[in-house]
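Peer 1: Structure incoming, see below.
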Amino acid sequence: MKLSQLADTLEARLENGSPDTEITGVAGIEEAQAGQITFIANPKYASAARTTRASAVIVAADFPSGNRTVLRSSNPYLAFARAIELFYEAPRYTPGVHATAIIHPSASIGPNAHIGPYVVIDRDVVIGANATLLAHVVIYPGASIGDHFFAHAHAVVREHCRLGDHVILQNGVVIGADGFGFAKDDSGHWHKIVQSGPAVLEDHVEVQANACVDRASIGETHIAKGAKIDNLVQVGHGSRVGENSLLCAQAGLAGSTEVGKNVILAGQVGVAGHCKIGDGVIATAQTGIPNDVPAGAVVSGYPAIDNKLWLRCSAAFHRLPELMKAIRTAAKKVPE
């Protein structure tokens, strides 16, 4: 693809380069070679932009380019993501049902489905058009799934769960496993609480490898449109996650947590049960949230506090030994 054509496709502005330069692929800033395009968004990496062997660099509107060939974009990260789509040839799965797949006669599957080896689709399942189910995917009875469903190997959708259009389940995802609900009886034994409510995923939700969205005891566990759930995330029973929120790797929501829209919970964030996380909240990595968090807050630490306060506390922590020493020295000088 010629550089000028790529610029038009990405809605970027070409500077300092020949429009006829041939672009054959994409690569990272340090690995890129002639014929490839890369991107950079942070000005502190300007030196890397000067030394890269890439034929062109996607940059922000105000990035200092010098004499480098650049494509200026209002959103360089998104433009680079779109460039990858142009050059990466994803595997194609032709419509058809593998001979080893087991599909209950009462199941309804839309046109153009690819059903891979050892897939099991149980009774009364409904799946829309253009579905792709790879090897060993299991769909339990009564599940309802929309169009353009893509389930990678070993994904599981449990009974009566409902999934919208364009839902992606990566390898090993379990949607609708039993929530962790037990009540102690008079003899001290734990009695299992039936988890009767389904998990519901709206349109354009993606759940990545080995993550779990549990079903609810009553009601439902609900993941709203556009939310993305990273590897090894646990969404507890009866929780709700708002539109376009991100739950990053190893984050965990205890039961009945409510997460608002456009929230980012970074890696290993934990949220106690029945907490409400407001719209637009950001929780930095390993934050522990035992209480409600208001909309727009940025929180860190455990128990979660304002991020700026946490940074000041963290800066002071390593000085505590010398501060204690100073206090003890001062105390010795105080007359009794």
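Peer 1: Taking the criterion of being crowded, with 19+ Cβ neighbours inside 10 Å, in contact with a Leu (Cβ under 6 Å, 6 or more places away or on another chain) and over 23 Å from Phe149 (Cα atoms), would at least one residue in segment 217-225 satisfy it?
Peer 2: No, because not a single residue in segment 217-225 is crowded, with 19+ Cβ neighbours inside 10 Å, in contact with a Leu (Cβ under 6 Å, 6 or more places away or on another chain) and over 23 Å from Phe149 (Cα atoms).
Peer 1: Out of the residues in segment 185-207 meeting the condition of being in a loop (DSSP other than H, G, I, E, B) and of a type in the set (Asp, Glu), tell me which one is farthest from His154 (Cα to Cα).
Peer 2: Here is the first cut: in segment 185-207, the ones in a loop (DSSP other than H, G, I, E, B) are 185-189, 193-196, 198, 202-205.
With of a type in the set (Asp, Glu) added as a condition, the list becomes 185-186, 202-203.
Working: Asp185: 36, Asp186: 40, Glu202: 21, Asp203: 21 Å.
My answer is Asp186.
Peer 1: Hey, could you check segment 59-92 for residues that are over 24 Å from the mean Cα position of the chain (by Cα) and under 16 Å from Thr24 (Cβ atoms) and say which is surrounded by the fewest Cβ atoms within 10 Å (Cβ to Cβ)?
Peer 2: The residue in question is Thr69.
Peer 1: Please verify whether segment 304-313 includes one or more residues that are among the small types (Gly, Ala, Ser) and either under 25 Å from Thr221 (Cβ atoms) or surrounded by 14 or more Cβ atoms within 10 Å (Cβ to Cβ) (or both).
Peer 2: Step one: list which residues in segment 304-313 are among the small types (Gly, Ala, Ser), which gives 304.
Then drop every residue that is not either under 25 Å from Thr221 (Cβ atoms) or surrounded by 14 or more Cβ atoms within 10 Å (Cβ to Cβ) (or both), which leaves 304.
Scanning segment 304-313, I find at least one residue that is among the small types (Gly, Ala, Ser) and either under 25 Å from Thr221 (Cβ atoms) or surrounded by 14 or more Cβ atoms within 10 Å (Cβ to Cβ) (or both), so the answer is yes.
Peer 1: Can you go through Gly280, Gly242 and tell me which one is surrounded by fewer than 18 Cβ atoms within 10 Å (Cβ to Cβ) and without any contact (Cβ under 8 Å) to a residue 60 or more places away in the chain? Give the steps one after another, and end with the answer.
Peer 2: Working: Gly242 fails: surrounded by fewer than 18 Cβ atoms within 10 Å (Cβ to Cβ).
That would be Gly280, the only listed residue that is surrounded by fewer than 18 Cβ atoms within 10 Å (Cβ to Cβ) and without any contact (Cβ under 8 Å) to a residue 60 or more places away in the chain.
Peer 1: Looking at (1) under 23 Å from the mean Cα position of the chain (by Cα); (2) surrounded by fewer than 20 Cβ atoms within 10 Å (Cβ to Cβ); (3) of a type in the set (D, E, K, R), which is the one condition that is false for Arg123?
Peer 2: Every condition holds for Arg123 apart from (1).
Peer 1: Output the residues belonging to segment 226-239 that are at negative phi and either surrounded by fewer than 21 Cβ atoms within 10 Å (Cβ to Cβ) or assigned to a loop (DSSP other than H, G, I, E, B) (or both).
Peer 2: Within segment 226-239, Ala227, Lys228, Asp230, Asn231, Val233, Gln234, Gly236, His237, Ser239 qualify.
Peer 1: Can you tell me which residues in segment 9-50 are farther than 13 Å from Val70 by Cα, more than 28 Å from the chain's Cα centre (by Cα) and either charged (D, E, K, R) or exposed (fewer than 13 other Cβ atoms within 10 Å of the Cβ) (or both)?
Peer 2: Of everything in segment 9-50, those that are farther than 13 Å from Val70 by Cα, more than 28 Å from the chain's Cα centre (by Cα) and either charged (D, E, K, R) or exposed (fewer than 13 other Cβ atoms within 10 Å of the Cβ) (or both) turn out to be Asp20, Glu22, Thr24, Ala34, Ser47.
Peer 1: Now for a different question. Could we say that Gly278 is in contact with a Gly (Cβ under 6 Å, 6 or more places away or on another chain), modelled with pLDDT under 95 and on the phi < 0 side of the Ramachandran plot here? Outline the logic, then answer.
Peer 2: Numbers: in contact with a Gly (Cβ under 6 Å, 6 or more places away or on another chain): yes; modelled with pLDDT under 95: no; on the phi < 0 side of the Ramachandran plot: yes.
In short, no.
Peer 1: Oh, and also: If I go through segment 1-59 residue by residue, how many of them are of a type in the set (Ser, Thr, Tyr), in a helix (DSSP H, G or I) and at pLDDT 90 or above? Write out each step before concluding.
Peer 2: Step one: of segment 1-59, the residues of a type in the set (Ser, Thr, Tyr) are 4, 9, 18, 21, 24, 38, 45, 47, 51-52, 55.
With in a helix (DSSP H, G or I) added as a condition, the list becomes 4, 9, 45, 47, 51.
The next check asks that each one be at pLDDT 90 or above; those that pass are 4, 9.
Of the residues in that region, 2 qualify.
Peer 1: Within segment 144-161, which residues are within 20 Å of His98 (Cβ to Cβ) and either in contact with a strand residue (DSSP E or B) (Cβ under 8 Å, 6 or more places away or on another chain) or buried (at least 24 other Cβ atoms within 10 Å of the Cβ) (or both)?
Peer 2: Ile145, Phe149, Phe150, Ala151, His152, Ala155, Val156, Val157
Peer 1: Only one of Asn130, Asn210, Asn171 is surrounded by fewer than 21 Cβ atoms within 10 Å (Cβ to Cβ), assigned to a loop (DSSP other than H, G, I, E, B) and more than 21 Å from the chain's Cα centre (by Cα); which? Can you show your working first?
Peer 2: Details: Asn210 fails: more than 21 Å from the chain's Cα centre (by Cα); Asn171 fails: more than 21 Å from the chain's Cα centre (by Cα).
That would be Asn130, the only listed residue that is surrounded by fewer than 21 Cβ atoms within 10 Å (Cβ to Cβ), assigned to a loop (DSSP other than H, G, I, E, B) and more than 21 Å from the chain's Cα centre (by Cα).
Peer 1: From Val271, Val293, Val259, grab the single residue that is farther than 30 Å from Gly172 by Cα, crowded, with 19+ Cβ neighbours inside 10 Å, touching a strand residue (DSSP E or B) at 6+ places or on another chain (Cβ under 8 Å) and not charged (D, E, K, R). Can you show your working first?
Peer 2: Working: Val271 fails: farther than 30 Å from Gly172 by Cα; Val259 fails: farther than 30 Å from Gly172 by Cα.
The match here is Val293.
Peer 1: What single numbered condition from (1) among the aromatic types (Phe, Trp, Tyr); (2) assigned to a loop (DSSP other than H, G, I, E, B); (3) without any contact (Cβ under 8 Å) to a residue 40 or more places away in the chain fails to hold for Tyr77?
Peer 2: Result: Tyr77 fails condition (2) only.
The values are calculated or read from the model by the stated rules, or taken from the named source; none is laboratory data. Bear in mind the structure is a predicted one, so any value in this text is a computation, not a measurement. Glycine gets a Cβ as well: all are built from the backbone with ideal geometry, and neighbour counts include every protein chain shown.
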